[in-house]
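Worksheet: one structure, shown below.
We did not get these values from a lab; they are worked out from the coordinates using the rules stated. Note that the structure is a prediction, hence the values are computed from the model and not measured. Glycine also receives a Cβ, built like all others from the backbone with ideal geometry; neighbour counts cover every protein chain displayed.
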Amino acid sequence: MIDKNKTLGEIVLYYPDTVKVLNGYKIDYCCNGHETLAVALERLKTDDSEVIKALQLVVDHQDGSKVKDWQNVSMAELIDHILTTHHVYMKESLEELNYIVFKILKVHFKSHGEQLLKVHHLFGTLKTELEAHLVKEEENLFPMIKAYEVSGSEAIKKDIKKFINDTEEEHDAAGNLFKEIEQVTNDFTAPEDACTTYRRTFDLLGALQKDTFNHIHLENSVLFLKLDD
Ligand SMILES: [Fe+2]
Ligand SMILES: [Fe+2]
């Protein structure tokens, strides 16, 4: 049963398919993963029971055998999963987007310049911030967490905690930039007369947003909480 007093992070951890419903209602389970479902619902203008019903339907149909239990894996294993899936995907997407966001700005400037200038600017900021963020995690935070898991050193843990504050702030900033891009692109919907590259750009931005929400959820609501176990 869906429990309104569970945090959004916990709900997504145990029932990953609920992400589709939460995304549909624009409930932010990644940067606000610490919030309970009850608090998130208070802010929504939609009928509570409708959301709960949609979530419950997903939970009832979830095939438990396919759900990876991240709670019971080591921090090193979870980090390796984040690196080989989300970090790789993010770098590849940013590289492709970097090329096509600029390309469509040039080609469609006359007809859609207002929208595309905003997308170009927001994406540029997002790319710069995310690249720095990935490197800081890969070169600093993740190796520190792995070292702590082996040694149990309280001094390392103290350093990690300081670093995590900055990391979570960066996650919030990235989440906000994605929300701005979502608005500017009308929910990643390309205009009627858009060419294939225009559509590909918006589809990829939307896909990257979803993957990033999942990625941030695994870091904020699973990996970082393991340090408190
Ligand atoms: Fe990451
Ligand atoms: Fe991160």
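In table form, for the structure just shown:
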item: Mean Cα-pair separation over length for the chain, i.e. relative contact order, pairs under 8 Å, 6 or more apart, %; result: 28 percent
item: Residue-span extension gain [residue 68 to residue 146] - 0.36 nm each, minus C-alpha spacing; result: 26.0 nm
item: Using a Förster distance of 41 Å, the FRET efficiency for residue 45-residue 121 (Cβ separation, nearest 0.05); result: 0.85
item: Extension gain from residue 136 to residue 169, taking 0.36 nm per residue of separation minus the Cα-Cα distance; result: 10.6 nm
item: Relative packing of 104-112, 22-30, 210-218, which averages over residues the other C-beta atoms within 10 Å, highest first; result: 210-218, 22-30, 104-112
item: Taking the convex hull of Cα positions in the chain, its mean projected area over all directions (nm²); result: 13.6 nm²
item: Residue 89-residue 200 FRET efficiency (beta carbon distance; Förster radius 25 Å; 0.05 resolution); result: 0.95
item: Out-of-range pairs (alpha-carbon distance over 21 Å; input 26/136; 106/127; 158/179; 6/136; 91/158); result: 26/136; 158/179; 6/136; 91/158
item: Charge dipole (debye, nearest 20) of region 72-226; +1 at Cβ of Lys and Arg, -1 at Cβ of Asp and Glu; result: 220 debye
item: Mean Cβ neighbour count within 10 Å, used as a protection proxy, ranking 4-15, 51-62 highest first; result: 4-15, 51-62
item: Estimated [θ] at 222 nm from DSSP helical runs (n ≥ 4, -39500 (n - 2.57)) normalised by residues in the chain, nearest 500; result: -22000 deg cm²/dmol
item: Alpha carbon centroid spacing (whole Å) that separates region 1-37 from region 73-93; result: 21 Å
item: Cα long-axis angle, helix 88-107 against the chain (0 to 90 degrees, to the nearest 10); result: 20 degrees
